[in-house]
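What follows is a short report on a single structure.
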Amino acid sequence: MCAAESEIYHSRLSPEQRTVLPRAVRQRLRISPGDRLRLLVDDRGVRIENTAGGADHEAFAAFSEWSSEVEEEAFAEL
């Protein structure tokens, strides 16, 4: 796909303010549960990037038992 082409996908926001990325988007980003994403926001919209292996990669990402929402909230200030 060249830069001028776009693919359109839809997702719905839940009452909890959550959404699910469509399978084609997850596959294209090569992401899986627990992966961290970078959201870049500008006047044109939002771009989603996979941060795996990048500067935002966490040392403890391999420990899936620490990747629940409870742990995210508990350690958010660290």
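Of all residues in region 31-45, those satisfying the criterion of being touching a Ser or Thr at 6+ places or on another chain (Cβ under 6 Å) and either aliphatic (A, V, I, L, M) or in a loop (DSSP other than H, G, I, E, B) (or both) are Gly34, Arg36.
Please find, within region 1-41, the residue that is nearest to Glu72 (Cα to Cα) out of those that are touching a helix residue (DSSP H, G or I) at 6+ places or on another chain (Cβ under 9 Å) and of a type in the set (Asp, Glu). Within region 1-41, the match that is nearest to Glu72 (Cα to Cα) is Asp35.
Just so you know, in region 28-50 the residues that are under 16 Å from Ser6 (Cα atoms) and not charged (D, E, K, R) include one that is farthest from the chain's Cα centre (by Cα), and it is Gly45.
Taken over region 2-43, the criterion of being of a type in the set (Asp, Glu) and more than 21 Å from Glu69 (Cβ to Cβ) is satisfied by Glu5, Glu7, Asp42, Asp43.
Throughout, read-outs are computed from the coordinates displayed, never taken from laboratory work. As the structure is a prediction and not an experimental result, all values here were calculated from the model. Virtual Cβ from ideal backbone geometry, glycine too; neighbours counted across all protein chains shown.
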